[in-house]
Amino acid sequence: MIQPDNSVLPPAYILAGGRSSRFPGDKALANVGGHPQLESLISQLQQQGHRGTVVADRSDRYSQIGIESLVDLYQDSGPLSGITTAMQDRQDRLGEGWLLVLTCDQLKWDSAWLQKSRSLRAGNSKPRQFEIIAWGDQQTPAQTPLTLIPGLYHTSLLPELHQRCQQGQLAVRSLMQDSKVRIHIDATQSASPGAYAFNTPEQLQSLIKEIS
C-alpha cells in the first residue's frame, strides 16, 4: 500500500446527526468494537494525520462521548448545509484550500485514497482544475449513481453553496449538473471509500466482519 504524505492531508469534517429511516438510533453512536462509531472514525482520521471536526445540528449532540460539534449554519437543510458549514470553518480557520467531507457512517478511512489526487490538489491558489474530487469504484456498474460524499471540496465553492442553502436548493447531487462546478471522479482499482459506509445494522455487521 502506498503511504500518503501526511504533511499535505486536508482537514476532515464528519457530517453527523442526520436522520436515517433504515438504522435504529443514531449511526454515529453505533457500537463498533466496543466504541461509538463516531469516536472510532475520528481516531482513524487523527492517526492518519487529519484534523477531524464533527458537524451536527447542535454543539452538544455528542457531548456524552466527549465530542464537541460544529453547529450547522442552516438547520434542517441536510448534507449540503453540513458541507457549507465545514467549508466556512475551514476558510475561517485556515484560509482557502481543500477539505475532506465524510459522513458519520464511514466505517473505514484510509488516507491512501488521497494519494492519486495529490497533483490535482497541489497548491491552494487559483487556477485549479477542479472544485470537487470524489471516488468511483472501477468495478461499480455504470448505472450505479455516483456520490459526492465522501469527497474533497475546495473553499472556492463557498459562495455558491451559501446561495444554494439560502434558496433551498439542497440536493448535493445537483452539483453534478452545475456547469460552474468542476468535478473529478477518481476511479479506484479496489473498493472506493463509499463502499465502507453503512445504512442498516446488517450492513454494519457485514462491513465489520470484512475489515476485521
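Descriptive notes on the structure:
- Lys, Arg +1 and Asp, Glu -1 on Cβ, resulting dipole of the chain about Cα centre, debye, nearest 20: 400 debye
- Where Cα atoms sit under 30 Å apart: lysine pairs in the chain separated by 8 or more or lying on different chains: 9
- Largest mean-square fluctuation among I132, I67, I42, in a Gaussian network model of the chain whose springs join Cα atoms under 10 Å apart, belongs to I67.
- Here the accessible area of the chain is 48 percent carbon and sulfur, with a 1.4 angstrom probe and all protein chains present.
- With an a/c value under 1.5 for the gyration tensor axes a ≥ b ≥ c computed over the alpha-carbon atoms, the chain is described as rounded.
- Amide N proximity, the stretch 48-68 versus E39 label position 7 Å along Cα-to-Cβ, cut-off under 14 Å: 62-68
- Take the stretch 22-63 with all the other protein chains still there, run a 1.4 Å probe, and you get 46 Å² of accessible area per residue.
- Ranked packing of 24-32, 90-98, most packed first, by mean Cβ within 10 Å: 24-32, 90-98
- Taking every alpha-carbon pair under 8 Å whose residues sit at least 6 apart, the chain reaches a relative contact order of 23 percent.
The values are calculated or read from the model by the stated rules, or taken from the named source; none is laboratory data. The model shown is predicted, which means the values in this text are computed figures rather than measured ones. Quick reminder, even Gly has a Cβ in these numbers, built from the backbone with ideal geometry, and neighbours come from all protein chains shown. Only protein heavy atoms, including side chains, enter the accessible area calculation; ligands, DNA and RNA are left aside. Shrake-Rupley method; radii C 1.70, N 1.55, O 1.52, S 1.80 Å.
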